[in-house]
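To start, the structure under review is shown below, and the notes come after it.
What follows draws every value from the coordinates through simple rules; no lab data is involved. This is a predicted model, so every value here is computed, not measured.
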Amino acid sequence: MVEVDPERFEVMVGEALDGIPGELGELMSNVAVTVQHDSGPPGLLGLYQGVPLTRRSAFYAGVLPDRITIFRRAICAVCTSDSEVVDQVRRTVIHEVGHHFGIGDARLRELGY
């Protein structure tokens, strides 16, 4: 396990989001990304909750933002170095953003996320 300061971890998440290609970032809609500093649900490094872009219709209006939560302690627990944490944060953020775009777990795993 690696211990990463909460503020530094939040910077890592921000940098991972900044690394998303601009064309994709512009398509993201009504989604909030947060860091939870405890471990979260067992077995999860991140969690997407909401209505994926591919399932929204003309009736999608007036809803709370989708949520992407990144779990700091869970990620730190599976890493053995600071560079592994950076890589795992990036992969987790991309994985959860993929869900926002309607991509399922199986396909994300095929893509390496």
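Points worth noting:
- Between helix 6-18 and the chain: long-axis angle, C-alpha atoms, 0 to 90°, nearest 10: 40 degrees
- When segment 19-58 is reduced to its Cα atoms, the Kirkwood hydrodynamic radius in Å: 12.7 Å
- Helix axis angle, 82-100 relative to the chain longest principal axis, alpha carbon, degrees: 10 degrees
- Between residue 46 and 71, the built amide H atoms are under 5 Å apart, and every one of these is 5 or more places off in sequence or on another chain.
- Two-decimal Rg to Rh for segment 24-113 - Kirkwood Rh, Cα set: 1.00
- With Cα atoms defining each centre, segment 66-101 and segment 1-39 are spaced 8 Å apart in the structure.
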